[in-house]
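The values are calculated or read from the model by the stated rules, or taken from the named source; none is laboratory data. Quick caveat, the model's predicted, so the values are computed rather than measured. Cβ: placed from backbone, ideal geometry, glycine included. Neighbour counts: every protein chain shown. Note: accessible area is taken over every heavy atom of the protein model, side chains too, but ligands, DNA and RNA are not part of it. Shrake-Rupley method; radii C 1.70, N 1.55, O 1.52, S 1.80 Å.
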Amino acid sequence: MGNSKSGALSKEILEELQLNTRFTEEELSTWYQSFLKECPSGRITRQEFQTIYSKFFPEADPKAYAQHVFRSFDANSDGTLDFKEYVIALHMTSVCKTNQKLEWAFSLYDVDGNGSISKNEVLEIITAIFKMISPEDVKHLPEDENTPEKRAEKIWGFFGKKDDDKLTEKEFIEGTLANMEILRLIQFEPQKVKEKFKEKKP
């Protein structure tokens, strides 16, 4: 995507990322230097992405969730992300607007990429999210959502779907916007994610 390996972020990519994210030029330039140190080739593999993601959540096991996040941003399925894709991933999973986040969330939950979501796919992502929640925090969850199965059941119930039904992107986004409880249930504690990213800024 035109990233230079010389150590300087191209003006075009810098301007595009500033336009599409809330990150500043200084933040992006600093992150780019860190990115090149971690990934001298200018591209990040699935394994490297998991390793970096794990640094944000040292007390949890985010590998499964990181794999799904990586998949949702690897648009051309080549098994790597460049810096631009990497920053968009950070932005979408932490600070972007609700509508954008829901479009991304749909692609995250659409595990097989067939354009719809099944109850099993919801359970797969929720299970990955639960691996990132500390046992202590799980203890404080409501009784009807303190396991992946219960939370997936609750989400599916909010959409009014039968077990073998499918959920389209339109239904997913409209249903979530109409019920903020769904938004809370499908995310991994967004405020904590924001705090983690702020703490880990290079």
- To the nearest 10 square angstrom, what accessible area does Ser77 show with a 1.4 Å probe? 100 Å²
- Task: Give Lys63/Lys162; Lys101/Lys166; Lys63/Lys119; Lys55/Lys150; Lys11/Lys37 a once-over and call out the pairs whose C-alpha atoms are over 27 Å from each other.
- Result: Lys63/Lys162; Lys55/Lys150
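With every protein chain kept in the model, how would you rank Tyr109, Tyr86 by accessible area, 1.4 Å probe, largest at the top?
In descending accessible area the options line up as Tyr86, Tyr109.
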- What FRET efficiency, computed as 1/(1 + (r/R0)^6) with R0 = 30 Å and r the Cβ-Cβ distance, is obtained for Leu141 and Ala8, rounded to the nearest 0.05? 0.05
- Item | Contact order relative to length of the chain, as percent, for alpha carbon pairs under 8 angstrom and 6 or more apart | 20 percent
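Roughly how many debye, to the nearest 20, is the charge dipole of region 12-96 about its Cα centre, given +1 on each Lys and Arg Cβ, -1 on each Asp and Glu Cβ, and no other charges?
Values: 8 positive and 14 negative charges, 69 e Å.
My answer is approximately 320 debye.
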- Rounded to the nearest whole Å², what accessible area per residue is found for the chain with the 1.4 Å probe? 52 Å²
- Message: Please give the Cα centre distance for region 146-180 versus region 51-109, rounded to the nearest Å.
- Response: 21 Å
- Each label point is 7 Å from the Cα along the Cα-to-Cβ direction; what then is the distance between the points at Lys131 and Lys154, in nm? 2.2 nm
- Which percent of the accessible heavy-atom area of the chain goes to carbon and sulfur, probe 1.4 angstrom? 52 percent
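Give the calculated FRET efficiency between Arg22 and Glu174 to the nearest 0.05, with a Förster radius of 35 Å applied to their Cβ-Cβ distance. Write out the running numbers ahead of the final one.
Values: r = 25 Å, r/R0 = 0.73.
The calculated FRET efficiency here is 0.85.
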- Message: As a test question: what accessible area, to the nearest 10 Å², does Leu14 have when a 1.4 Å probe is rolled over all protein chains in place?
- Response: 20 Å²
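Please report the orientation-averaged projected area of region 12-96, defined via the convex hull of its C-alpha atoms, in nm².
Numbers: hull surface 22.3 nm².
So the Cα hull casts an average projection of 5.6 nm².
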- Accessible area of Thr168, 1.4 Å probe, to the nearest 10 Å²? 60 Å²
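Which sequence of Lys63, Lys139 reflects their accessible areas, 1.4 Å probe, from the largest down?
Numbers: Lys63 110, Lys139 150 Å².
Ranked from most to least accessible, the order is Lys139, Lys63.
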